[in-house]
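Trainee: Can you keep this structure in mind? I'll have questions shortly.
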Amino acid sequence: MGTRFRLFVQPPFEDPTSSPEIITVSSPRGSVGPGPSDDRMYVVEPADKMRPYGVNHGPLGTPFISLPPWTRAILDPAIPDEEGNFDHYQPSTPGFEAAHAFGCVRFTLDVWERYIGQPLVWHFHDHHDRLEISILPDWDNAQYGYGFLELGSQFTKDGRALPFSLDFDIIAHEVGHAFVYSVLGIPKPGAEFPEYLGFQEAFSDCVSLIAAMHFPSVIENVLTVTRGNLYIA
Ligand SMILES: [Zn+2]
């Protein structure tokens with residue numbers, strides 16, 4: 001028996017009429033702990049993380065690299081209910097974004113692990129056992145890297161933050177990068193030509209698009225709109 005999450009197919013700020021759907025992912029009921037977390041990944045909401053992971057610069061311009069795990073203060077983790085599910089978290093309540101991000105990553109892994117025929121092996125497994133999914137609301141981007149998937153926000157002109165943790169398309173796209181690195185490996189230094197970077201982005205978009213097509217409501221909508229004739233989709 002899988003584990004239930006409440007997931008937005010389209011984020012509420014893209015489509016104000018959208019409401020999250022209850023989706024069951026493959027994680028065995030009871031296997032997902034506080035965070036959410038399991039033996040392959042965990043979500044944290046750092047309380048005071050100012051910068052994303054990767055290469056940053058100190059006050060004098062000295063570059064330094066920061067990588068997970070996040071060891072400082074975090075907001076309260078999302079907790080499973082007594083049956084081991086997370087669908088009791090409602091939008092706009094503490095813990096919902098964390099549960100939503102985890103559910104979206106697991107849903108995308110479920111879809112694409114079926115296509116590649118095996119569980120994804122993180123490309124960073126030599127140094128990190130688990131993926132850290134961190135939510136960084138003040139950062140205006142999202143990224144997948146060595147041991148981390150970070151989710152910032154998009155900012156509107158009037159300064160409102162639209163969190164990527166609620167955006168399935170963005171999260172699934174970042175998981176797409178994980179599949180490219182895992183299946184094809186990491187390019188050698190100097191080999192990250194524009195064509196390679198373009199491929200990374202395009203393939204990750206395909207991962208996201210095809211993963212979205214596995215939501216029952218999306219399938220139903222596409223078939224309704226096209227009346228089954230996918231050539232006009
Ligand atoms: Zn990308």
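Trainee: Once Lys and Arg get +1 and Asp and Glu get -1 on their Cβ, which of Gln10, Pro46, Pro69 lies farthest toward the positive end of the dipole of region 2-73?
Mentor: Pro69
Trainee: Which ³J(HN,Hα) values in Hz, rounded to whole numbers, follow from the phi angles of region 41-48 under the Karplus curve 6.51 cos²θ - 1.76 cosθ + 1.60, where θ = phi - 60° and Gly and Pro get x?
Mentor: 6, 8, 9, 10, 10, x, 7, 9
Trainee: Another question about this same structure. Roughly how many nanometres apart are two label points built 7 Å out from the Cα toward the Cβ at Asp205 and Asp38?
Mentor: Each label point is offset 7 Å from its Cα along the Cβ direction, giving 3.0 nm.
Trainee: Still on this structure: Taking the Cα centre as origin and putting +1 on Lys and Arg beta-carbons and -1 on Asp and Glu beta-carbons, what dipole magnitude results for region 79-233, to the nearest 20 debye? Don't skip to the end; give the middle numbers.
Mentor: Numbers: 7 positive and 22 negative charges, 90 e Å.
So the magnitude is around 440 debye.
Trainee: Please list, ordered by chain and number, the residues whose modelled amide H lies under 5 Å from the amide H of Phe148; skip anything fewer than 5 residues away on the same chain.
Mentor: Here the answer is Glu132, since their amide H atoms fall under 5 Å of that of Phe148.
Trainee: Take every Cα pair under 8 Å in the chain that's 6+ residues apart, average their separations, divide by the length, and report that relative contact order as a whole percent. Each step should come with its number before you reach the end.
Mentor: Numbers: 410 pairs, mean separation 44.3, N = 233.
In percent, rounded to a whole number, it is 19.
Trainee: Next up: Within the chain, what's the longest stretch lacking GluC sites (Glu not before Pro) that sit in DSSP loops with no more than 14 other Cβ atoms inside 10 Å?
Mentor: 84-191
Trainee: If the label point is 7 Å along Cα→Cβ of Ile79, which residues in region 28-50 have backbone nitrogen under 12 Å from it?
Mentor: Under cut-off, by backbone N: 34-35.
Trainee: Further, regarding this structure: Place a point 7 Å from the Cα of Val225 along the Cα-to-Cβ direction; which residues of region 164-197 have their backbone N under 18 Å from it?
Mentor: 168-170, by backbone N distance to the label point.
Trainee: Using the Karplus curve 6.51 cos²θ - 1.76 cosθ + 1.60 with θ = phi - 60°, work out ³J(HN,Hα) for each residue of region 7-20 in order, rounded to whole Hz, and write x for Gly and Pro.
Mentor: Karplus values, whole Hz, x for Gly and Pro: 10, 7, 6, 10, x, x, 7, 7, 9, x, 8, 6, 10, x.
Trainee: Okay, next question. If you stretched the chain out fully between Phe155 and Ala191, how much longer would it get, using 0.36 nm times the residue separation minus the C-alpha to C-alpha distance?
Mentor: Working: separation 36, 0.36 × 36 = 12.96 nm, distance 3.32 nm.
Result: 9.6 nm gained on full extension.
Trainee: Simple spin-label model, 7 Å along Cα-to-Cβ: His214 to Met1 in nm?
Mentor: That separation, rounded to one decimal, is 2.2 nm.
Trainee: Now for a different question. Grab the DSSP H runs of the chain that are 4 residues or longer, score each as -39,500 (n - 2.57), total them, divide by all residues and round the 222 nm result to the nearest 500 deg cm²/dmol. Before the final figure, lay out the partial values.
Mentor: Details: 4 runs with 68 residues, N = 233.
Value at 222 nm, helices only, nearest 500: -10000 deg cm²/dmol.
Trainee: Per-residue counts of other Cβ atoms within 10 Å, averaged by peptide: what ranking do you get for 166-172, 87-93, highest first? Please list the in-between numbers first.
Mentor: Values: 166-172: 23.7, 87-93: 14.7.
By packing density, highest mean first, the sequence is 166-172, 87-93.
Trainee: List the residues of region 208-233 whose backbone N lies under 13 Å from a point placed 7 Å from the Cα of Tyr115 along the Cα-to-Cβ direction.
Mentor: Taking a point 7 Å out along Cα→Cβ of Tyr115, the residues of region 208-233 whose backbone N falls under 13 Å are 208-215.
Trainee: Also: Relative contact order (percent) for region 85-186, with alpha-carbon contacts under 8 angstrom and 6 or more residues of separation? Write out the running numbers ahead of the final one.
Mentor: Working: 128 pairs, mean separation 25.8, N = 102.
The normalised contact order for region 85-186 reaches 25 percent.
Trainee: Could you derive backbone 3J(HN,Hα) for region 200-211 from the dihedral phi with the Karplus parameters 6.51, -1.76 and 1.60 (θ = phi - 60°), listing whole Hz in sequence and x where the residue is Gly or Pro?
Mentor: Running phi through 6.51 cos²θ - 1.76 cosθ + 1.60 with θ = phi - 60° gives 3, 5, 5, 5, 5, 5, 5, 4, 5, 4, 6, 4 Hz.
Read the figures in this text as sums done on the coordinates, not as results from a lab. Keep in mind it's a predicted model, so treat the numbers as computed, not measured. Methodologically, a virtual Cβ is constructed for each residue, glycine included, from the backbone with ideal geometry; neighbour enumeration extends over all protein chains shown.
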